[in-house]
Amino acid sequence: MFRRFLCITIWLWGTMTHALASEKDSSAVVNWADWLKNNISNAWNAQNYDFYLPVNTWHNRLFYDKDKIEDYNEEPWGAGLGKSFYDDNGHWHALYAMGFKDSNKHLQTIFGYAYQHNWHLDNKNKWRLGVGYTLSLTQRSEYAYIPVPLPLPLAGIGYKNFNIQAAYVPGVKNDGNVLFTWLRWEFNNDYR
């Protein structure tokens, strides 16, 4: 089932890229690629380090049989590290890597770039609420730990250096449809 999701993701990405590139003005693709390259570079050079603590992998009960839920692990013990920065608009950009126990109690890793568009909830910009995405690669035992692309939507809320973030893994009946939640602590934070 994960292969179907991966194939659909690749097909959609290719279709979208082709549609944008085949327009008269392909500057949208070039601008987006430059934007992404610059933000990855800025995250790599950032002086802000993050610690990640996975706390939950909730399997959406609408898509799972009860016996499957009972067999799956929803406590993803693990940890991760990253580097991040806030741009001039207060939006978060990061490079990160996490390792944790997956639903089948095997090691899973995920690493990549993340972006979160933030809205500030107070005048001092201490509280943030945001949505975004991650462009990541994951490695799982059932795929012989070969890196597999995993672009995901994410959302989060933060107060000063402390953040709660989550990504949703879409899927089909008894596969995927998992809300992965982690805590993130920022060191050397220059939050805006």
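A few comments on the model shown:
- Of all residues in region 132-180, those satisfying the criterion of being surrounded by fewer than 18 Cβ atoms within 10 Å (Cβ to Cβ) and hydroxyl-bearing (Ser, Thr, Tyr) are TYR133, SER141, TYR143, TYR145, TYR159, TYR168.
- Subset tally (residues that are modelled with pLDDT under 90, within 22 Å of THR181 (Cβ to Cβ) and either among the basic types (Lys, Arg) or touching a helix residue (DSSP H, G or I) at 6+ places or on another chain (Cβ under 7 Å) (or both)) for region 2-59: 0
- For the condition surrounded by 14 or more Cβ atoms within 10 Å (Cβ to Cβ), among the aromatic types (Phe, Trp, Tyr) and part of a loop (DSSP other than H, G, I, E, B), PHE85 does not qualify.
- Where ALA97 falls short, out of the listed (1) touching a Ser or Thr at 6+ places or on another chain (Cβ under 9 Å); (2) surrounded by fewer than 20 Cβ atoms within 10 Å (Cβ to Cβ); (3) in contact (Cβ under 8 Å) with a residue 24 or more places away in the chain: (3)
- Of all residues making up region 61-81, the number that are in contact (Cβ under 8 Å) with a residue 60 or more places away in the chain and farther than 14 Å from LEU179 by Cβ: 3
The values are calculated or read from the model by the stated rules, or taken from the named source; none is laboratory data. Since the structure is predicted, the reported quantities are computational estimates derived from the model, not experimental observations. Note that each Cβ is placed from the backbone with ideal geometry, even for glycine, and that neighbours are counted across all protein chains shown.
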